[in-house]
1. Kindly list, by first and then second residue, each pair from a residue in region 233-257 that is closer than 19 Å to VAL59 by Cβ to a residue that is surrounded by 13 or more Cβ atoms within 10 Å (Cβ to Cβ) and of a type outside the set (A, V, I, L, M, F, W, C), limited to pairs with Cβ atoms under 6 Å and residues at least 6 apart or on different chains.
2. Just wondering, is there one or more residues in region 115-137 that are exposed (fewer than 13 other Cβ atoms within 10 Å of the Cβ), under 21 Å from ASP205 (Cα atoms) and at pLDDT 70 or above?
3. Please find, within region 50-67, the residue that is surrounded by the fewest Cβ atoms within 10 Å (Cβ to Cβ) out of those that are of a type in the set (A, V, I, L, M) and assigned to a strand (DSSP E or B).
4. Which ones in region 189-213 are under 27 Å from THR36 (Cα atoms) and in a helix (DSSP H, G or I)?
5. Starting from residues that are among the aromatic types (Phe, Trp, Tyr) and surrounded by 15 or more Cβ atoms within 10 Å (Cβ to Cβ), keep the ones in region 141-164 and report whichever is modelled with the lowest pLDDT.
6. State which residue pairs qualify: first residue farther than 16 Å from CYS106 by Cα and inside region 143-166, second residue of a type in the set (Phe, Trp, Tyr) and not in a helix (DSSP H, G or I) in any location, beta carbons under 9 Å apart, and separation of 6 or more residues or different chains.
7. Return a yes/no flag: does region 214-225 have any residue that is crowded, with 18+ Cβ neighbours inside 10 Å, assigned to a helix (DSSP H, G or I) and in contact (Cβ under 8 Å) with a residue 12 or more places away in the chain.
8. Out of SER232, SER197, report the one residue that is closer than 30 Å to GLN79 by Cβ, touching a Pro at 6+ places or on another chain (Cβ under 7 Å), buried (at least 18 other Cβ atoms within 10 Å of the Cβ) and among the polar types (S, T, N, Q).
Amino acid sequence: MDHGMVMNWDDMERIWNWVYAEELGTLSEEHPVLLTEAPLNPRSNRDIAAQIFFDTFNVPALFISVQAVLSLDVTDHLQLLLRKAGHHLHTSAEHEVVRTIKEKTCYIALNPAKEEKEATGRTEEFRLPDGNILQPISIPFIKLGSERFRAPEILFDPELIGQEYAGVHQVIVDSINRVDLDLRKSLFSNIVLSGGSTLCKGFGDRLLNEVKKLALKDVKIKIYAPPERKYSTWIGGSILAGLNTFRRMWVSAEEYQEDPDIIHKKFGI
């Protein structure tokens, strides 16, 4: 997998087969499947996934939905910052260590410029999980300094990594301002955080502060931060699959056999 996209389909098929046989203990042909995919997943990947589920696993129906995720990978940027500090983590296992470091130590600065001045010389020690030793210096911990707030700062300032994207706060405000005027008030008061990167300490406070700067002064802004938001895609999918109306949304095996391209037409992706 690379940024949520499958790179080796033989391995992916083995994993799905293991899930059916060992984890679920069910027959694939007895249950419809809801599959999530990365926002930039190519059409060809969607075609292959559908082919595997319909032709190999013989599922009766399939629904594909795009994950609502932040497109910037904070973990990758943190890995780069750690490399510059002399900590070289390259393998997939070490990438997971970096992800853990992000979730355990990173935070969003309310005022980045002020934080840069005050954070000089201030470090926090992160002990590697399971007694891992970081090579080549052979120590079981990493000392983190400004990397802790610099890494997630790209969510609000993508230009830090050379990307001409708008920050997450700007995207939210622009999106709300594109809907009907009578709906904007309700949307501004119902902003819900979702995804692992929003777990960074201070994310909600910073987002609220930035959105207030862009919104009209008399607009009430409310941000909800559900504790289970790291798994919002999974939870939302389980709720969707439980609705009576969901049957009208999926693609049946019969529909797929008649027109394989229906997975693009019906899902609008």
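The values are calculated or read from the model by the stated rules, or taken from the named source; none is laboratory data. Since the structure is predicted, the reported quantities are computational estimates derived from the model, not experimental observations. Ideal geometry is used to build each Cβ from the backbone, glycine not excepted, and the neighbour counts take in all protein chains shown.
1. Here the result reads TRP250/PRO32; VAL251/LYS266; ALA253/PRO60, each pair linking region 233-257 to a residue that is surrounded by 13 or more Cβ atoms within 10 Å (Cβ to Cβ) and of a type outside the set (A, V, I, L, M, F, W, C).
2. Yes, the conditions are met somewhere in region 115-137.
3. Per the criteria, the residue is VAL66.
4. Of everything in region 189-213, those that are under 27 Å from THR36 (Cα atoms) and in a helix (DSSP H, G or I) turn out to be GLY196, SER197, THR198, LEU199, PHE203, GLY204, LEU207.
5. So the residue we want is PHE149.
6. Every condition considered, the pairs that remain are PRO158/TYR165; GLU159/TYR165.
7. No, because not a single residue in region 214-225 is crowded, with 18+ Cβ neighbours inside 10 Å, assigned to a helix (DSSP H, G or I) and in contact (Cβ under 8 Å) with a residue 12 or more places away in the chain.
8. Every option except SER197 fails the conditions.
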